[in-house]
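The values are calculated or read from the model by the stated rules, or taken from the named source; none is laboratory data. Since we're looking at a predicted model, the values are computed, not measured. Here Cβ is always computed from backbone atoms with ideal geometry, including for glycine, and neighbour counts include all displayed protein chains. Accessible surface areas use protein heavy atoms only, side chains included; no ligands, DNA or RNA. Shrake-Rupley method; radii C 1.70, N 1.55, O 1.52, S 1.80 Å.
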Amino acid sequence: MPSRLRSLLLALGLVLALLAGCSDSSAADRNVGDKVTRDEADVLAELLHQDFKRGGADFVESAPYGDGAVLTLTGEVDFVRSIGRAQAVTTFKDGRPDETRTLFFTPTDIWFGDVPGLPQALAARSLPDVTYVRRPMVTSAEGTASLVDVLAQLVLNLSARAGDDPRAFLSGDYTWQGQRSIDGHLASLYSLTGGKTVAVSASDGLLLQYVTPLPDQNFEVTITLSHHGERTIDVPAAEDTLNAADQPEIAAQVGV
């Protein structure tokens, strides 16, 4: 994994081990908790590199972060250019209406669309109407990162420009956890350190799902990938974007 990606994950305290794989023997011959095999280690070492080589994927990412509240990002990611696009929906079980935002994100910036109150705030200051507000992406190393920042960064870091050393996956920390179906695809499951798990397509060795707890939180984030392939995603144009650094009062008013 490139140093930029690794340092970012370490800063979040969410180290993404390059894990997943296909069993080189029948599941009937395995016991849950068995160490990964040499062939599996080869697949695991190339997992995030395969995401990069495929170019991108669709994704659904969910985080049940509060009492009955769930934040779900549904969209697509360009792993080559490190750009994502998603609809972020927060649902509540207490009867409150859903909250929906449109997001674009890169390793350095995040754009918010469908922001309530933005047109009124702009009009009150006689500023041109725009659709998006952009601010820097926040990591835990820079302060308290919001959940949406954490989720965006997790998605972007599910790829690597090069593979890893297969020998790193032959320790007892990485074990086979059986098989199950994910979105109609048979997947092999593997456990990682720190309560993380990955699921890998049994047919082509591509990453199907990554599940991780967050530091100092009592919930898990689940990312499911599908339809791996090239993506072309362009961030919003400058003329349709308000830079939060230029208008901090507006950004604070609309909660960006």
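Take the alpha carbon atoms of the range 153-246, find their radius of gyration, then divide it by 2.2 N^0.38 Å using N residues; give the quotient.
It is 1.39.
List the aspartates and glutamates whose Cα sits under 13 Å from the Cα of Lys93, skipping any in the same chain fewer than 8 residues away.
Of all the aspartates and glutamates, those that pass the test against Lys93 - Cα under 13 Å, at least 8 places apart if same chain - are Asp67.
Summing -39500 (n - 2.57) over the DSSP H runs of n ≥ 4 in the chain and dividing by its residue number, what mean residue ellipticity at 222 nm do you reach, to the nearest 500 deg cm²/dmol?
It comes out at -5500 deg cm²/dmol, rounded to the nearest 500.
Rounded to the nearest whole Å², what accessible area per residue is found for the chain with the 1.4 Å probe? Write down the numbers at each step before the final one.
Working: 11840 Å² over 256 residues.
Roughly 46 Å² per residue, with all protein chains present.
Run the accessible area of the chain with a 1.4 Å probe and give the carbon-and-sulfur part as a rounded percent.
Values: 5790 of 11840 Å².
On the chain, the fraction of accessible area on carbon and sulfur atoms equals 49 percent.
Place the peptides 67-80, 231-244 in order of packing, highest mean first, counting for every residue the other Cβ atoms within 10 Å and averaging per peptide.
Going from most to least packed, we get 67-80, 231-244.
Using amide H atoms built in the peptide plane, which far-off residues or other-chain residues are under 5 Å from Leu214 H to H?
For Leu214, the qualifying residues are Phe219, Val221.
Checking the a/c ratio against 1.5 first, then a/b against b/c, what shape does the Cα gyration tensor give for the range 202-256?
Values: a/c = 5.47, a/b = 1.55, b/c = 3.52.
Oblate.
Mind listing the phi-derived Karplus ³J(HN,Hα) values for the range 124-139, rounded to whole Hz, using 6.51, -1.76 and 1.60 with θ = phi - 60°, and x for any glycine or proline?
Calculated HN-Hα couplings, in order: 5, 10, 6, 9, x, 6, 9, 9, 10, 10, 10, 9, x, 5, 10, 10 Hz.
Taking the alpha-carbon centroid of each part, what is the distance from the range 174-206 to the range 27-52 in angstrom?
Between the Cα centres of the range 174-206 and the range 27-52 lies a distance of 9 Å.
Nearest 5 percent is fine: what portion of the DSSP beta bridges confined to the chain is antiparallel?
95
To make sure I understand the rule: partners must be lysines, Cα under 29 Å from the Cα of Lys53, and not fewer than 8 residues away in the same chain. Which ones qualify?
In chain and number order, the partners are Lys35, Lys196.
Express as a percent, rounded to the nearest 5, the fraction of DSSP beta bridges in the range 112-256 (both residues included) that run antiparallel.
90
Taking the Cα centre as origin and putting +1 on Lys and Arg beta-carbons and -1 on Asp and Glu beta-carbons, what dipole magnitude results for the range 172-256, to the nearest 20 debye?
Value, rounded to 20: 560 debye.
What are the ³J(HN,Hα) values, in whole Hz, obtained from phi via the Karplus relation 6.51 cos²θ - 1.76 cosθ + 1.60 with θ = phi - 60°, for each residue of the range 215-221 in sequence order, with x given for Gly and Pro?
x, 6, 10, 10, 9, 10, 9
Would you mind checking which residues have amide H under 5 Å from Gln209's amide H? H placed 1.01 Å from N; only 5 or more apart, or other chain.
Long-range HN contacts for Gln209: Ala199, Leu225.
Pop out the ³J(HN,Hα) list for the range 161-169 in order, Karplus 6.51 cos²θ - 1.76 cosθ + 1.60 with θ = phi - 60°, rounded to Hz; leave Gly and Pro as x.
Values per residue, Gly and Pro as x: 6, 8, x, 10, 6, x, 4, 5, 9 Hz.
List the residues whose amide H sits under 5 Å from the amide H of Asp164, counting only those 5 or more places along or on another chain, with H placed 1.01 Å from N in the peptide plane.
Here the answer is Glu46, since their amide H atoms fall under 5 Å of that of Asp164.
Would you work out the charge dipole size for the range 91-224 about its Cα centre, treating the Cβ of every Lys and Arg as +1 and the Cβ of every Asp and Glu as -1, and quote it to the nearest 20 debye?
100
Would you tally the net charge around Arg125, using a Cβ to Cβ cut-off of less than 12 Å, leaving Arg125 out, and scoring K and R as +1, D and E as -1? Write down the numbers at each step before the final one.
Working: positive: none; negative: Asp129, Asp246, Glu249.
With Lys, Arg at +1 and Asp, Glu at -1, the net is -3.
Kindly identify the chain as rounded, prolate or oblate by the Cα gyration tensor criterion: order the square roots of the eigenvalues as a ≥ b ≥ c, call it rounded if a/c is under 1.5, otherwise compare a/b with b/c, prolate if a/b is larger, else oblate.
prolate
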